[in-house]
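Here's the structure we're looking at; comments come further down.
All of the numbers you see were taken from the coordinates with simple rules; none came from a lab. Just so it is clear, the structure is predicted and the values come from calculations on it, not from any experiment. Heads up, the Cβs are rebuilt from the backbone with ideal geometry, glycines too, and the neighbour counts pull from every protein chain shown.
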Amino acid sequence: MSIYDRFAVRTIINAKGPSTRLSGGFLAPDVAAAMTEAATYCVEMTELHAGASKVIAEVTGAEAGIVTSGAAAGLLMGTAACVAGLDPGKMSRLPDARGMKNEVIMVRSQRNFYDHAVRTTGAHIVEVGLPDRYAGAGVRDAEAWEIQQAITANTAAVVHVAGGAAQPALADVVRVAHEAGVPVLVDAAGQLPPVSNLRRFISEGADLVAFSGGKAIGGPQGSGILAGKRDLIMSALLQHLDLDIYWEQWAPPKALIDKDRLAGAPQHGIGRPCKVGKETIIGLLVALQNFASESGEARTRRFAAIIQRLHAGLEGVDHARIQVTGGAVPKLELHLTANAPLTAMQLCIELERGSPSVHADPSRVCNGIVSFSPWCLKEGDEQHIAARVKPLLRY
Ligand SMILES: *Cc1c(COP(=O)(O)O)cnc(C)c1O
């Protein structure tokens, strides 16, 4: 029995990994306990944000940081910071970005569903480059000079989506952007682990970096981090905070918000709907400290043990070859044979619809592969998965 039974909701076995659609991952007991405790007190939110900023700065090497309601919220508020700066009038006018720096440059092959968050600010995206290598027509993609040529007096930022295949390299993006005085905002939502990536993009010169808190970090599902330059974080936070307060009464910690530099207090900003509660902030901070302190080897060993148990359970499965992939997060893949009773897509769907409901990773079903991630598996889930898969692949 779980609390979900009270509301007639099934719990699932999540072998896809921490995706938002599947409610992220699950919290470690100490993170859940910290959130429960945090929820029983009241605090001044700006003071809590200042405490969070210190932890985020320590862990990322950035000047400052805020807890957001997700990486997408970080992209929204990071972009808003680049567009409005420290001008409360501009902050209050967004998403009407007329008369402001309202262009954001992105490499065409990096465009993705989450860049809606960038456009939500009112800025529009200027695409550069032709992804020739993805078209199967050639080997090239966008190059730094193309970003350089796209920069105008209206450029608010360059948004770079980090990833193994991202081109041009972040260092080159930073070089041409900074030559023109333009900040670089990195979407690093899915770039953890390794833990070293918490610092990597800042050390490569990014002005702002957004991480997801509900993915690898193991924080609350609706959490994330935006880390970066102090002024940009100040602007992002100003556009997020609830500002229902008299100017003379308002005393935010100066390290985070320097009132002396503001013409006045902005109204509730474009980031105000991305509200983050105190429990979420505390939960994210505890999860972040845990994540940063577990060694990569220890994490990989923990995951490898889960995959080993799943492998043992699936031994003897019909019409599929089992393959375990290596790397920091090992996975188990079922390569279905041509005569299997189900296609890979059908197997995923059957696993989801039966009981207990098992969600595998369908991203390679076109190649006849169903894969299983250890990220969100609990002790015992391996046996349930094997018991569901085996009969489905038998004639
Ligand atoms: C998951 C993801 C996001 C969104 O992260 P949330 O924390 O769910 O808001 C943004 N960008 C990329 C590349 C992602 O993988």
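Laid out as a table, the results:
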read-out	value
Share antiparallel - DSSP beta bridges, region 42-293, percent rounded to 5	40 percent
Relative contact order [Cα under 8 Å, 6+ residues apart], the chain, whole percent	22 percent
Cα point-scatterer Debye curve for region 241-324, base-10 log of I(q)/I(0) at q = 0.12, 0.18, 0.23 Å⁻¹	-0.66, -0.95, -1.14
Extreme residue, positive dipole direction of region 292-376, given options Val358, Ile369, Ala328 (C-beta unit charges)	Ala328
Net charge of Cβ neighbours under 15 Å - reference Trp250; Lys, Arg +1; Asp, Glu -1	-4
Euclidean distance between Cα centres, region 254-299 to region 139-210, Å	22 Å
Linear extension gain, Ser295 paired with Arg353, 0.36 nm per residue minus alpha-carbon span	17.2 nm
Translational diffusion coefficient (Stokes-Einstein; Kirkwood radius from C-alpha pairs) of region 39-147 at 4 °C, 1.567 mPa s, in µm²/s	79 µm²/s
The chain: calculated mean residue ellipticity at 222 nm from DSSP helix runs of at least 4, using -39500 (n - 2.57)	-11000 deg cm²/dmol
Listed residues Glu248, Glu382, Glu47, most fluctuating in the chain (Gaussian network, C-alpha, under 10 Å)	Glu248
Cα-only Debye scattering, region 27-87: base-10 log of I(q)/I(0) at q = 0.28, 0.29 Å⁻¹	-1.21, -1.20
Cα-projected label distance for Asp258 with Phe7, points at 7 Å along beta-carbon direction, nm	4.4 nm
Scattering profile of the chain at q = 0.09, 0.12, 0.13 Å⁻¹ [log10 I(q)/I(0), Debye over alpha-carbon scatterers]	-0.60, -0.99, -1.11
Lysine pairs within the chain, Cα separation less than 21 Å, 8 or more sequence positions apart or different chains	24
